[in-house]
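First comes the structure, then the notes that go with it.
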Amino acid sequence: MRDMRKLRINVLCTALAIMVPIAALSAFLGARLLLLLPVVMSFWFLFYMPRWRRQVRERARSLRRWQLHPE
């Protein structure tokens with residue numbers, strides 16, 4: 001569970017690291033910077049998230065499995 005939580009926090013921190021500068025600069029540059037938003041979102045969904053999902057699946061598959069038997 002610790003590994004899954006770490007991966008989830010990693011993706012949230014990365015999203016914040018991308019969005020905070022964009023939000024801060026949009027106050028100064030206005031709509032011109034918001035035209036860059038589709039490019040950033042495309043990168044996020046086409047490159048970052050598939051890699052992140054692959055890491056999560058690999059980590060989940062490598063976890064120990066419980067050997068439970070009914071009494």
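For the range 28-71, state which chymotrypsin sites (Phe, Trp or Tyr not before Pro) are in a DSSP loop and have at most 16 other beta carbons lying within 10 Å of their beta carbon. Don't skip to the answer; put the middle values down first.
Working: sites: Phe28, Phe43, Trp44, Phe45, Phe47, Tyr48, Trp52, Trp66; in loops: Trp66.
Sparse-neighbourhood loop chymotrypsin sites (Phe, Trp or Tyr not before Pro): Trp66.
Of all trypsin sites (Lys or Arg not before Pro) in the chain, which ones are in loop regions per DSSP and have a Cβ with at most 15 other Cβ atoms within 10 Å?
Arg64, Arg65
What is the distance, in nm, between label points placed 7 Å from the Cα along the Cα-to-Cβ direction at Ile22 and at Asp3?
Modelled inter-label distance: 3.1 nm.
Output wanted: per-residue J couplings in Hz (rounded whole) for the range 24-39, from phi through Karplus 6.51 cos²θ - 1.76 cosθ + 1.60, θ = phi - 60°, x for Gly and Pro.
Ordered by residue, 3J(HN,Hα) equals 5, 6, 5, 5, 8, 8, x, 5, 4, 6, 5, 5, 7, 4, x, 5 Hz.
Would you work out what percent of the accessible area of the chain, with all protein chains in place, is carbon or sulfur (probe 1.4 Å)?
With neighbouring chains kept in place, the figure for the chain is 65 percent.
Counting only helical runs of four or more DSSP H residues, what would the 222 nm mean residue ellipticity of the chain come to if each run contributes -39,500 (n - 2.57) and the total is spread over all its residues?
-23000 deg cm²/dmol
Please compute the length gained on full extension between Val39 and Arg53, using 0.36 nm multiplied by the number of residues separating them and subtracting their Cα-Cα distance.
3.0 nm
Output ³J(HN,Hα) for the range 42-59: one whole-Hz value per residue in order, computed from phi by the Karplus curve 6.51 cos²θ - 1.76 cosθ + 1.60 with θ = phi - 60°, and x for Gly and Pro.
Using θ = phi - 60°, the values come out as 5, 4, 4, 7, 8, 10, 6, 5, x, 5, 5, 4, 4, 4, 5, 5, 4, 5 Hz.
Any idea of the accessible area per residue across the chain, 1.4 Å probe, to the nearest Å²?
Details: 6430 Å² over 71 residues.
Per residue, the chain has 91 Å² of solvent-accessible surface.
The values are calculated or read from the model by the stated rules, or taken from the named source; none is laboratory data. Bear in mind the structure is a predicted one, so any value in this text is a computation, not a measurement. Here Cβ is always computed from backbone atoms with ideal geometry, including for glycine, and neighbour counts include all displayed protein chains. Ligands, DNA and RNA are excluded from the accessible area calculation, which covers all protein heavy atoms including side chains. Shrake-Rupley method; radii C 1.70, N 1.55, O 1.52, S 1.80 Å.
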